[in-house]
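**Q** Just dropping this structure here.
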Amino acid sequence: MTDERNDAPPTIEQERLAAEIRLREAELALKREEFAARLEQQKHEKRSSVSPLRLAVVAAASGIFGSMFGVMTQSKTEDQKFELEMRKVQSSLILEAIKTGSTEQAATNLTFLLEAGLIADPDGRIKRSMTVLSSKQVAPILPSKDGPQKGTSTQ
């Protein structure tokens with residue numbers, strides 16, 4: 001029995017958790033460096049020059065910067081999740097549009113989705129392809145559930 005979890009690509013949640021772990025490790029490393037620097041500084045300075053207020057300010061500043069970094073990382077992860085979901089929706093719309101068994105209907109469906117703004121075509125690739133394919137009377141199709149329609153070829 002093989003473990004399917006190792007073969008599957010990581011989910012967005014797993015990526016988010018991995019990013020959070022890396023963030024926490026980076027914060028811990030930073031705090032260790034700050035602590036080591038403070039110890040080194042204490043060795044070279046007089047004991048009276050290090051005040052509890054200074055330590056509190058350094059700790060507060062590192063906490064604030066750590067929190068800001070965490071918020072920025074989480075915001076980026078949320079944007080990536082949204083972009084992925086939008087691509088999934090658009091891909092499923094395109095597949096359903098060409099699942100007609102008819103080249104003419106598939107071309108009409110894709111044109112409608114483009115003009116309605118339901119699928120993104122920022123580079124104009126789909127529109128250019130549809131122009132070329134319509135001039136050749138060919139369009140990408142998938143067979144419908146009922147099979148090919150009458151009068152269409154099954155190339």
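**Q** Which is acidic (Asp, Glu), under 30 Å from Glu15 (Cα atoms), out of contact with any Cys (no Cβ under 6 Å at 6 or more places or on another chain) and outside the structural domain of Lys31 (by TED's automatic domain parsing), of Asp121, Asp79?
**A** Just one listed residue meets the conditions, Asp121.
**Q** Quick check on my filter: what residues within the range 68-124 are among the hydrophobic types (A, V, I, L, M, F, W, C), surrounded by 14 or more Cβ atoms within 10 Å (Cβ to Cβ) and within 24 Å of the chain's Cα centre (by Cα)? If you could, list the steps in order and put the result at the bottom.
**A** So the first thing to find is which residues in the range 68-124 are among the hydrophobic types (A, V, I, L, M, F, W, C), and the list is 68-69, 71-72, 82, 84, 86, 89, 93-95, 97-98, 106-107, 110, 112-114, 116, 118-120.
Of the ones still in play, those that are also surrounded by 14 or more Cβ atoms within 10 Å (Cβ to Cβ) are 69, 93-94, 97-98, 106-107, 110, 113-114, 119.
Of everything in the range 68-124, those that are among the hydrophobic types (A, V, I, L, M, F, W, C), surrounded by 14 or more Cβ atoms within 10 Å (Cβ to Cβ) and within 24 Å of the chain's Cα centre (by Cα) turn out to be Phe69, Leu93, Ile94, Leu113, Leu114, Ile119.
**Q** A follow-up question, please. Return the pair list, or none, for Cβ contacts closer than 9 Å from residues in the range 101-115 that are farther than 11 Å from Ile126 by Cα to residues that are charged (D, E, K, R) and assigned to a helix (DSSP H, G or I), at least 6 apart or on different chains.
**A** Final answer for the pair search is Asn109/Glu96.
**Q** Still on this structure, I have one more. Identify the residue in the range 29-57 that is part of a helix (DSSP H, G or I), among the aliphatic types (A, V, I, L, M) and surrounded by 11 or more Cβ atoms within 10 Å (Cβ to Cβ) and, among all such residues, is modelled with the highest pLDDT.
**A** Among residues in the range 29-57 that are part of a helix (DSSP H, G or I), among the aliphatic types (A, V, I, L, M) and surrounded by 11 or more Cβ atoms within 10 Å (Cβ to Cβ), the one modelled with the highest pLDDT is Leu30.
**Q** Provide a single number: the residues in the range 23-46 that are closer than 30 Å to Val71 by Cβ and charged (D, E, K, R).
**A** Within the range 23-46, residues that are closer than 30 Å to Val71 by Cβ and charged (D, E, K, R) number 8.
**Q** Of the residues Ala60, Ala120, Ala107, which single one is outside any helix (DSSP H, G or I) and either of a type in the set (Gly, Ala, Ser) or modelled with pLDDT of 85 or more (or both)?
**A** Unique residue meeting the criteria: Ala120.
The values are calculated or read from the model by the stated rules, or taken from the named source; none is laboratory data. All values derive from a computational prediction rather than experimental measurement. Neighbour counts run over all protein chains shown; Cβ positions are idealised from the backbone, glycine included.
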